[in-house]
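The values are calculated or read from the model by the stated rules, or taken from the named source; none is laboratory data. Everything numeric in this text was worked out from a predicted model, so none of it was measured. Cβ sites come from the backbone with ideal geometry, for glycine too, and all protein chains shown count toward neighbours. All accessible areas refer to the heavy atoms of the entire protein, side chains included, with ligands and DNA or RNA removed. Shrake-Rupley method; radii C 1.70, N 1.55, O 1.52, S 1.80 Å.
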Amino acid sequence: MNVLILGSGGRECAISSRLSKSPEIDRLYALPGNGGIKKYATCIPGSVTDIGCVKKAVEDYAIDYCVVTPDDPLAIGMVDALSIPCFGPKQSAARIESSKAFAKELMKKYSIPTAGYEVFSSYEEALNYIKGITFPAVIKADGLALGKGVVIAETIEEAKKALKEMMLDKKFGQSGCKVVIEEFLEGPEVTVLAFTDGKTIKPMISSMDHKRAYDGDKGPNTGGMGCIAPNPYYTTDIEKEALDKIILPTIKALAEEGCPFSGCLYFGLMITRDGVKVIEYNSRFGDPETQTVLPLLKSDLFEIMKACTYGYLDKTEIKWSEGSSCSVVLASSGYPGSYEKGKEITIPENLDAEVFIAGAEEKDGRLFTSSGRVVDVSATGKDLKEAVEKAYKASEMIFFEGKTMRKDIGKKALEA
């Protein structure tokens, strides 16, 4: 089969590396791909949000199956538009990520535990509402915002600033025309990615993302600066609670609403004093969770994807390796703010870790930075301590001008 994967980041690099091992795939393509994905797939120029462009690539390259990984093409209905089988939800189901308001209302209707909230389309009404709430509070742009549309406001002044940027200044375009204001939850965070065909759901190994830019969970939110798996706070009892109260009810709720979800459903959870609650849903593989979890997958990823697409996930066995995984993100200096591009990347051979290219272009066999998050360094070990040590040892050996990284990925979990 000829398979096309849409996307250009570290997540897509990790998925491409696994799909390239499937004996069922004759040719693997990526649109647009990046300098690292070229190692596994033939890269095709184009935009993942240009439906016409993707349709033409499907025809020109005789594509039999498409893996739609980023949020934007899912939100605009890429899976609905293509005439071939796809891994990923249709537009109606992808709303669970593309509209925070839809997700919150779904949880409220089906009694899925989450933070208390209100939804506002009026700036004045939102401004008036925050005068009577307790801080800190969470303010979210309703639509997609590249993982940066969430502000934890410690004071009313910070909340006012966030509302102005989202609703008046249009920092996130139309995504901020409507906002969700939530109560602030406290506790360990957990990410659970899950394969589903709309009826059966099979969670992957849990993980812990590190979203803040600087050590000690300080600084602005980013797309993710590193990750560990499994998450030590996600005990067997917590897992059962999440499955019974959140994971299974969510799949049933979407089916009840007439928009069954097929693909990878992302559960962002928090373990509070009052039990496990949903922070957010994503309609696709997380980043950098994917780069951390997939190295532990023993089964053929393409077989699992097909089972989700064709509805036989209940008959598909998924095997995982023992041990732990750690992924460290190497970023450009200044990220998530402004940063320079075009810095040459040096990656030694025979590292005791996998290197997934997140933001680099290839020129004459050399790699140059092209994004804020540049490289994901992922290592596995018999336990978390070994995985973290291996990931950092490899990270120190990779060089590009302005390289930055958090030095405490997994530290809190190791101390727990």
Strands (runs of 3 or more DSSP E) wholly inside the stretch 214-325 that include at least 3 residues being over 17 Å from the mean Cα position of the chain (by Cα): 218-221, 275-282
Close pairs (6 angstrom Cβ cut-off, 6 or more residues apart or separate chains): in contact (Cβ under 8 Å) with a residue 24 or more places away in the chain and surrounded by fewer than 22 Cβ atoms within 10 Å (Cβ to Cβ) in the stretch 246-262, assigned to a helix (DSSP H, G or I) and not β-branched (V, I, T) anywhere: A253/L106; C259/S92; C259/A93; P260/L254
Restricting the stretch 334-360 to residues that are touching a Lys or Arg at 6+ places or on another chain (Cβ under 9 Å) and acidic (D, E), the residue that is most open to solvent (accessible area, probe 1.4 Å): D352
Criterion (open to solvent by 10 Å² or more (accessible area, probe 1.4 Å), in contact with a strand residue (DSSP E or B) (Cβ under 9 Å, 6 or more places away or on another chain), under 24 Å from D376 (Cα atoms) and not small (G, A, S)) met by exactly one of L269, L265, L243, L297: L297
The stretch 95-124, residues that are farther than 13 Å from E182 by Cβ and hydroxyl-bearing (S, T, Y): S98, S99, Y110, S111, S121, S122, Y123
The stretch 176-188 residues that are closer than 21 Å to N231 by Cβ, paired with ones that are open to solvent by less than 40 Å² (accessible area, probe 1.4 Å) and hydroxyl-bearing (S, T, Y) (beta carbon under 7 Å, 6 or more apart): L185/T272; E186/T272; G187/T272
Qualifying positions in the stretch 68-84 - in contact with a Ser or Thr (Cβ under 9 Å, 6 or more places away or on another chain) and touching a residue at least 12 places away in the same chain (Cβ under 8 Å): T69, P70, D71, D72, P73, L74, A75, I76, G77, M78, V79
Inter-residue pairs, beta-carbon under 7 Å, first more than 17 Å from A358 (Cβ to Cβ) and in the stretch 13-38, second modelled with pLDDT under 95 and open to solvent by 10 Å² or more (accessible area, probe 1.4 Å), 6+ apart: none
Considering residues of the stretch 391-416 that are basic (K, R) and open to solvent by 50 Å² or more (accessible area, probe 1.4 Å) only, the residue nearest to E354 (Cα to Cα): K393
Residues located in the stretch 93-125, provided they are under 30 Å from D64 (Cβ atoms) and open to solvent by less than 50 Å² (accessible area, probe 1.4 Å): A93, A94, I96, E97, S98
Within the stretch 126-152, considering residues that are out of contact with any strand residue (DSSP E or B) (no Cβ under 8 Å at 6 or more places or on another chain) and farther than 30 Å from D71 by Cα, the one surrounded by the fewest Cβ atoms within 10 Å (Cβ to Cβ): G132
Criterion: open to solvent by 20 Å² or more (accessible area, probe 1.4 Å) and of a type in the set (S, T, Y) - qualifying residue of T196, T200, T191: T200
Residue among D314, D352, D364 that alone is over 22 Å from V3 (Cβ atoms), of a type in the set (D, E) and without any contact (Cβ under 8 Å) to a residue 24 or more places away in the chain: D364
Helices (runs of 4 or more DSSP H) within the stretch 41-140 that include 1 or more residues closer than 28 Å to V278 by Cα: 71-75, 78-81, 91-98, 100-109, 123-129
Test: M225 is out of contact with any Lys or Arg (no Cβ under 7 Å at 6 or more places or on another chain), among the aliphatic types (A, V, I, L, M) and surrounded by 23 or more Cβ atoms within 10 Å (Cβ to Cβ): no
Residue count, the stretch 272-294 (criterion: within 22 Å of Y65 (Cα to Cα) and open to solvent by 30 Å² or more (accessible area, probe 1.4 Å)): 1
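Every residue, every condition in (1) touching a Leu at 6+ places or on another chain (Cβ under 7 Å); (2) farther than 19 Å from S207 by Cβ; (3) among the hydrophobic types (A, V, I, L, M, F, W, C), yes or no:
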residue	(1), (2), (3)
N350	no, yes, no
E354	no, no, no
L367	no, yes, yes
L384	yes, no, yes
K393	no, yes, no
I398	yes, yes, yes
K403	yes, yes, no
D408	no, no, no
